[in-house]
Structures are given as structure tokens and as C-alpha cells.
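Below is one structure, written out as C-alpha cells, with a few remarks after it.
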Amino acid sequence: MTDYNYTARDSGGQCVEGVVSAGSQREAIATLTGQQLFPIEVNVSTGQSKRNVSQHVKPQAMAQFYVQLAALLRSGVPLLRALEVIGKQTTNPALSHTVYDLHNRITEGESLAEGMARHPKAFDELAISIVRAGSEGGFMEEALERVAKFTDQQAEMKSRVMGAMAYPIFLSVFSVIIVSVLIIFFVPKFESLFSRLREKGELPAVTDWLLWLSDSITSYGLLIALAIGGLVMLLRAQLSTESGRWFLDRLRLRIPQAGTIYRNLAVSRFCRVLGTLLHGGVPIVLALKISSDSTGNRVLSKAINDAAENITAGESLAAPLQASGHFPSDVIEMIGVAEQSNTLETVLTQIAETLERQTWRRLDMLVRLVEPVMLLVMAAQVLVIVVALLMPMLKSAMAM
């Protein structure tokens, strides 16, 4: 099989670039046509365009893919044939492309999880971890059904959060626009009025600061915007490094309120995946190493891998997790009791469900608090501007 770089157009007329594996150029063109793509150019890959192979697929489409694949496998359809059927039936060009690429890579000897890992925009780490566990534990159909359920839950959560945050985001954007208009167009009109007070040194500090801010933005707004953009790009470059990712993962766990929500979701995913692996008969050490990737956080993953090493030395699971300081105390207590009663796989699923319910409640409460906070912030910004402009006038009136 040879990799071919291609440029094609999808059914919507948009240009798509990527890599497809095929036995010949004609076969590559036929594969692209089967994916509802219209080839413009197909050439032998030089290895430079591999980064374009991954295409983003909506979570709802991915959940449907997992359900269909699980149903076909349960019916006795071989994996390669199942992928071929799904690739032909789907009307989503990006998903069709991804499925055909999975088919080609499995044909070349890769596992399903390895093929999925080559498409990070379509398959997240949690899905890859569970599918790998299902493949190794012999419960692929159940693993795919669980991934479909997780994907639906995450999509629902994202939809709920975005829906709840829509109004606060609108308020924040509206606040920025109002304050910007006031500072750029309205405040400068008062500068000549307050110039005499400024010369006498009688101009209030808040008014002087507001006039300085307005003058700076008016005169150097473009330079300020370029400087902020440069800082953002530099920060993103730093956070993309390994040390930057570690710093960001530590920071996520320490943010007040939001850090607790993030940690609980990560721990619930870990518990659910670990419980699924243990239920499928995967040894606990191997299960810990696989499930550590499901947290999506390097700090938590390291704590779990350290726990796996301690278990190899004969220790329990609860002790090293507690020593890390990153897991809730009630979760540690439940794991400790479950280890003693030999019901760990059942309790882990219960922990995941409990943490998710608690997190949803806390998340809903936090989102409800954001709206009044944004209103207060917007009102405070406008109030500061109004007070800063009125104080000199009141001071002059009182002096007369």
C-alpha cells in the first residue's frame, strides 16, 4: 500500500486535503470517490502532508459511528467489512474519509486503536483508551457502546454549558463594545474641558487615569493590539511545549471551583474506564496504565502510573492515590473499602456516576452565578467612567 497526497472537493464544494493509502493511484481515486470526495489532484505522498490526514468530526456523528460498529460486530460482521459498510453508508464526508483510512491502516496490520490514534481530531484519548482496552480484554462491542455513551454525554455537557454561557458571553462582548466606544469616542470630548483643572493639579486621579487610558488607546491602539497578539502567540507557543503542558495541567487542577469540576470529571472518567477494564478481565496493573490516559491530565496520569508501580510492589491502590494529593478523599475511602471487599470494578462505576452527578450540579450552579457577575462587572465599568467624568464637574460646581 502507498500513501497518496490528495486535493479534493467535498459535496459542499469545500477544498479538502489529506492522505489516503491505496495500491495504486486509480485505487486512491476510487477510494476518494467512495468517500463522496471529488479528486482534483492525487500524487504519491512524500511524507510532508501527513498532518492533514485527521479531519474534525462532530461528536454526534462519532457516537453514531460507535453504535453502528458495535452493532455490526455483535452480528458477526468482521471488522474490516464493518468499516467498509459504515464508510459507504455515512453521508458525512469527514467521517467517511476517517473510516476508510481506518480500514486501510487495519489492512496494513495496525490495530483499531492505533488507527484511531492517527485521527486526533475525530477520536479523543478516552475513546482510544477504551477501544484499546476492549481489544485487549476481548469485549470490543461493549467498549464501543461505552464510548458511544461517553461521547453522547460529553456532547450533551458541552451543549448545556454553551447554552448556559451564551447569555454571559453576549453580556461580556456587549460590555467590551460599550466600554470601548465610551473610552475611544466619548471620553476624549471632555479632555479640553478638564485641561484647566489638570494644569492646576485639581483633576481627580480617576479622571486623569481615564483620560490617559483614552489617549493611549486612541494613539497607540494598533501597537497595543499587536503587542497583545504577540504575547498571546508567545504564550501559546510556550504552552505547546512539554513543560508548558505540564504547567497548564497543574494550573487546571488549582483554579478555584473550576479546578474542582475539571478534576472530578477527569477522576470520573478514570474510574469508569478502570472499572470497565477490570470487568473485562484486564489485569489491574495493565488496566491502570491504559486508563491513566483517559484523565486527559498529565499530573493525574503520573499519579496513576506511580500507583501501578506501587501495586507491582505489593501495595494497595488507595494508598498511592491518596499520597498524590490529587484525588478526593471520599473517592480514596470508597476505593480502599472496595479493595478489601473485592468489589473494586463495581464500586469504580458507582464512583464515576456519583462524581458526574455532583459535577453537573456544581457546574449548573457555577454557570448560574456567572450571569449576575457579568452584569455587575458591566455595571461597574460604566459606573467608573460616569463617576470619573462627573467628579470634576461636581468639584467645579461646588467651588463656584
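The values are calculated or read from the model by the stated rules, or taken from the named source; none is laboratory data. Here the structure is a predicted model, which is why all the values come from computation and not from measurement. For neighbour counting, all protein chains shown are included, and Cβ atoms are generated from backbone atoms with ideal geometry for every residue, glycine included.
Would you mind finding the one in Leu197, Leu203 that is touching a Lys or Arg at 6+ places or on another chain (Cβ under 8 Å), of a type in the set (A, V, I, L, M) and under 17 Å from Val387 (Cα atoms)?
Leu197
Run down Ile169, Ile177, Ile184 and say which single residue is surrounded by fewer than 17 Cβ atoms within 10 Å (Cβ to Cβ) and touching a Gly at 6+ places or on another chain (Cβ under 9 Å).
Ile184
Which pairs turn up if I take residues in the stretch 210-232 that are in the same structural domain as Ser180 (by TED's automatic domain parsing) and look for partners that are of a type in the set (Ser, Thr, Tyr) and surrounded by 11 or more Cβ atoms within 10 Å (Cβ to Cβ) with beta carbon separation below 6 Å, at least 6 apart in sequence or on another chain?
Matching pairs, first to second residue: none at all.
Here's a check for you: in the stretch 354-372, which residue that is over 15 Å from Thr260 (Cα atoms) and free of Cβ contacts under 8 Å to residues at least 24 places away in the same chain is surrounded by the most Cβ atoms within 10 Å (Cβ to Cβ)?
Leu369
Are there any helices (runs of 4 or more DSSP H) wholly within the stretch 297-350 with 2 or more residues that are without any contact (Cβ under 8 Å) to a residue 40 or more places away in the chain and of a type in the set (Val, Ile, Thr), and if so which?
Passing ranges, in order: 298-312, 329-341.
Could you check the stretch 20-38 and list, in sequence order, the residues that are modelled with pLDDT of 75 or more and either more than 21 Å from Val85 (Cβ to Cβ) or among the aliphatic types (A, V, I, L, M) (or both)?
Val20, Ala28, Ile29, Ala30, Leu32, Leu37, listed by residue number.
Restrict the check to the stretch 92-107 and report whether at least one residue is in a loop (DSSP other than H, G, I, E, B), in contact (Cβ under 8 Å) with a residue 12 or more places away in the chain and more than 20 Å from the chain's Cα centre (by Cα).
Yes, some residue in the stretch 92-107 is in a loop (DSSP other than H, G, I, E, B), in contact (Cβ under 8 Å) with a residue 12 or more places away in the chain and more than 20 Å from the chain's Cα centre (by Cα).
Does Arg132 satisfy the condition of being out of contact with any helix residue (DSSP H, G or I) (no Cβ under 6 Å at 6 or more places or on another chain), farther than 29 Å from Val373 by Cα and surrounded by 12 or more Cβ atoms within 10 Å (Cβ to Cβ)?
Spelling it out, it is not the case that Arg132 is out of contact with any helix residue (DSSP H, G or I) (no Cβ under 6 Å at 6 or more places or on another chain), farther than 29 Å from Val373 by Cα and surrounded by 12 or more Cβ atoms within 10 Å (Cβ to Cβ).
Among the residues in the stretch 262-274, are any modelled with pLDDT under 90 and over 18 Å from Leu355 (Cα atoms)?
There is no residue in the stretch 262-274 that is modelled with pLDDT under 90 and over 18 Å from Leu355 (Cα atoms).
I'd like to verify a number: residues in the stretch 54-81 that are over 19 Å from Ala28 (Cα atoms) and surrounded by fewer than 21 Cβ atoms within 10 Å (Cβ to Cβ), how many?
Number of matching residues: 18.
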